[in-house]
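The values are calculated or read from the model by the stated rules, or taken from the named source; none is laboratory data. Please read these numbers as outputs of a predicted model, since none were measured by experiment. Virtual Cβ from ideal backbone geometry, glycine too; neighbours counted across all protein chains shown. The accessibility values were calculated without ligands, DNA or RNA, using every heavy atom of the protein model including side chains. Shrake-Rupley method; radii C 1.70, N 1.55, O 1.52, S 1.80 Å.
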Amino acid sequence: MSGNRRENALKTIGAFRREPLGHFVGGAAVNGAGAVSDVLEPATGEVLGQVRDATIDELNDAVGAAKSAFPAWAATSGDKRKAILHRIADLIEERADQIAEVECLDAGQCWRFMSKAAVRGAENFRYFADQAPSAADGQSLPTASHLNFTTRSPIGPVAVITPWNTPFMLSTWKIAPALAAGCTVVHKPAEWSPYSARLLVEIAHEAGLPVGVLNSVNGLGETTGKRLTEHPDIKAVAFVGESKTGSAIMRQGSETLKRVHFELGGKNPVVVFEDADLDKALDAAIFMIYSLNGQRCTSSSRLLVQRSIYDAFIAKASERVKKLKVGDPFDPATEVGPLIHPRHFNKVASYAEIAVNDGARVAAGGAPLAGAGGGFFYQPTLYVDADTSMRIAQEEIFGPVLTAMPFDDEADAIRKANDVQYGLTAYLWTNDVGRALRVSRAFEAGMVWVNSENVRHLPTPFGGTKASGIGRDGGDWSFDFYMETKNVALAYGSHSIQRLGV
Ligand code: NAD
């Protein structure tokens, strides 16, 4: 592992490495006194630094800072919030390389994708900045006797809890609409890739975000995360992570009746019909599972191919998988980097035996990648001839692992696509418009892309059904979560009121 970009990233996080990485509360860094855990470099396995848990007092301070800052931020005009959020976007763009380098270092994500992800973080801020002035807008719903009108106001201090896979981009996706709505935020990034969250909170303050509006606490899910979701002054929890963690957060927040927004796991199908543009379908299927090291919620982790073209399509797919360039995430030519952590690596690797025992065939990969930099590298893997009963067809592996199976016709494709507990995205390849409409309607998924990979348009709703989530992000859907809606009914004075006790 080498190169200037890695040196830069080490220098960037060096500022946080003198001490274990603590928290950022009320506009200032706090070293903290909680327990520490190691942060590893996925590409080398080396210890990059330590991260601290927030103690109960430190967590209370962070929530207290968000609570104190809330009234003034909620009362700040939409135009002012817009200007500050645009300034944050400017600074993210200026520092996009630095952010991307840090993501390559502690998340092991590849430069070729991260350089764009940081810029997308800025786009998230810009999009919601522009919506801030109209966030409180409501509807007019008049009757003959009353003028009903609705208004929206920010719900209060909220918790944002994010995973390790693409930490910066996902954080901006949640934090930008929360701030645009007028909420204050306590953010807890994932303990395995915590460094870019510190850059974000520093940038936000440099951009003029008032003290206490965005705070960042570190630590493990079961300690810092749990306390945050139980805190009575936190009004809502926006969470991105595993489905079973979503269940835990729902339990933890139940006593204080938290509003929750969950973006959870996926086992997304890419369904390829014989009439499709097969070259493009192949490009998209490969891209959607092997980019981001397969650690992507919207990955197309199940490849369903019509039986008439199955053998030829699978042969081409396995050729491509074997040629994927695995290695140093900082090398712009690298297409697949390491897995995030030994614990996750062991999980992904455990499916090799499961796949074969369940009767699938290994068409490519299926084993750790020896000799690639000493880190947590796993061979891009393609399991074929699977069926829906197999664990590799049911469970989210969250690595560079694709499970392929044939289908016979539309009905069979729909049945197989829907035969999982998840329902985040589905990808469909066909040139038959009627079929595209019928199958998209039948998919149990929050998002369907037809003849496309995941191309995100920020005004559209993003989110999952079934075990993949609750709620939608994007456009006005985000504001529905971060804001309370109030209806005011004003009588014209013309209706009669029942007179009791006269
Ligand atoms: P995770 O659920 O283990 O952790 C996510 C975050 O939750 C971390 O910050 C963690 O510390 C925290 N956490 C863990 N237990 C907690 C608890 N009891 N209370 C409060 N917080 C707790 O997920 P992960 O392994 O970091 O990320 C991978 C998962 O995220 C995959 O399932 C992936 O599909 C999902 N994901 C979903 C989306 C989406 O938009 N649907 C996007 C990215 C990732």
Using eta = 1.306 mPa s and T = 10 °C, Stokes-Einstein with Kirkwood Rh from Cα pairs puts D for the range 269-450, in µm² s⁻¹, at 97
Carbon/sulfur accessible area of the range 269-450, % of total, 1.4 Å probe, equals 51
Ranked output for segments 165-177, 51-63, 82-94 by mean other Cβ atoms within 10 Å, highest leading, reads 165-177, 51-63, 82-94
Placing each pseudo-label 7 Å from Cα in the direction of the beta carbon, Phe287 and Asp419 end up separated by a distance in nanometres of 3.0
Once normalised by the length of the range 312-351, the mean sequence separation of its alpha carbon contacts under 8 Å that are 6 or more apart gives a contact order in percent of 22
Mean separation of Cα contacts under 8 Å (at least 6 apart) over the residue count of the range 269-450, i.e. the relative contact order in percent, is 27
Taking 128-134, 394-400 and ranking on average Cβ neighbours within 10 Å, highest first, one gets 394-400, 128-134
Probe 1.4 Å, heavy atoms of protein chains only: per residue, the accessible area of the chain in Å² is 39
Rounded to the nearest Å, the spacing of the alpha-carbon centers of the range 269-319 and the range 407-425 is 15
Taking only the alpha carbons of the range 19-175, the radius of gyration and the largest Cα-Cα distance, Dmax, both in angstrom, are 19.6, 71
Note on the chain: contact order normalised by length, alpha-carbon pairs under 8 Å, 6 or more apart, percent, works out to 17
Ordering 484-493, 433-442 by per-residue average of other C-beta atoms within 10 angstrom, highest first, gives 433-442, 484-493
Here the FRET efficiency for Asp412 versus Ser496, based on Cβ atoms and R0 = 41 Å and rounded to 0.05, is 0.05
The pairs in Lys174/Lys466; Lys174/Lys280; Lys347/Lys416; Lys80/Lys226; Lys116/Lys325 lying past 30 Å Cα-Cα in this model are Lys174/Lys280; Lys80/Lys226
Under Stokes-Einstein, the chain at 37 °C and 0.692 mPa s, with its Kirkwood radius over C-alpha pairs, diffuses with a coefficient in µm²/s of 138
Farthest towards the positive end of the dipole of the chain, among Leu382, Ala360, Trp173 and with Cβ unit charges of +1 on Lys and Arg and -1 on Asp and Glu, lies the Cα of Trp173
Rounded to whole angstrom, the alpha-carbon centroid of the range 439-455 lies from that of the range 88-135 at a distance of 26
Each label sits 7 Å from Cα toward the beta-carbon; between Asp358 and Arg438 the label points are separated, in nm, by 2.9
Distance in Å, no decimals, from the C-alpha centre of the range 470-487 to the one of the range 144-203 is 12
